Structures are given as structure tokens and as C-alpha cells.
1. Provide HIS30, HIS14 in ascending order of the number of other Cβ atoms located within 10 Å of each residue's Cβ, fewest first.
2. If I model a spin label as a point 7 Å beyond the Cα along the Cα-Cβ vector, how far apart are those points for THR31 and LEU43 in nm?
3. Per 0.36 nm of contour for each residue apart, how much would the distance between ILE57 and GLU6 grow if the chain were fully extended, relative to their Cα-Cα spacing?
4. Can you give the angle from 0 to 90° between the axis of helix 47-59 and the longest principal axis of the chain, with both taken from C-alpha atoms, to the nearest 10?
5. Arrange the following residues from fewest to most other Cβ atoms within 10 Å of their Cβ: CYS21, CYS54, CYS59.
6. Using Cα-Cα distances under 8 Å and only pairs 6 or more residues apart, what relative contact order does the chain have, in percent?
7. Just one of [x] 6.8; [y] 5.8; [z] 5.5 is mean projected area of the Cα convex hull in nm² calculated from these coordinates, so which is it?
Amino acid sequence: MRVLPEGELADTKHVTFTNVCEIGYAMDAHTGRVVLSSAIDNLTKGAAGQAVQCMNILCGYPEAAGLSSS
């Protein structure tokens, strides 16, 4: 997971082909509310990608082994 600095919103272009969840937030001065955004590549971070990540952790492999496109 990657939490962005205040004012930056999550974008899929930064998480494509990764196992990262990006979280961004900004304050809406007009309404006084916090705007949250998150982005994942659900083909990688979906159930199958999560299963591979869990297996990697369980077996002592690097967390992202077998999940990157390069």
C-alpha cells in the first residue's frame, strides 16, 4: 500500500501491473470534507493475485514474486 501526500489523488497509471494499492486524499475547502481515492490493478490485485501474494509470504518468497509483468 502506498499513501500519497495530502492533495494528491490515486491514479491507475501508477499501479498498473503492480500489486500496489495507492491511496490519496485531499480536503475540499468548499464543503469541509475529506475526499479519498484509491487505485488498484484488479487483474493483479484481484483474488488470484492476492492468492499468489499470500502463497509467497507463506513460503518465504519475495511478496511480489510472479506478479510483475517484467
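Every number here is computed from the coordinates shown, using simple stated rules; none is lab data. Just so it is clear, the structure is predicted and the values come from calculations on it, not from any experiment. Methodologically, a virtual Cβ is constructed for each residue, glycine included, from the backbone with ideal geometry; neighbour enumeration extends over all protein chains shown.
1. Ranking HIS30, HIS14 by Cβ neighbours within 10 Å, fewest first, gives HIS30, HIS14.
2. The two pseudo-label positions are separated by 3.2 nm.
3. Value of the extension gain: 15.3 nm.
4. Helix 47-59 and the main axis of the chain meet at about 60 degrees.
5. CYS59, CYS54, CYS21
6. Computed over the chain, the figure is 28 percent.
7. [z]
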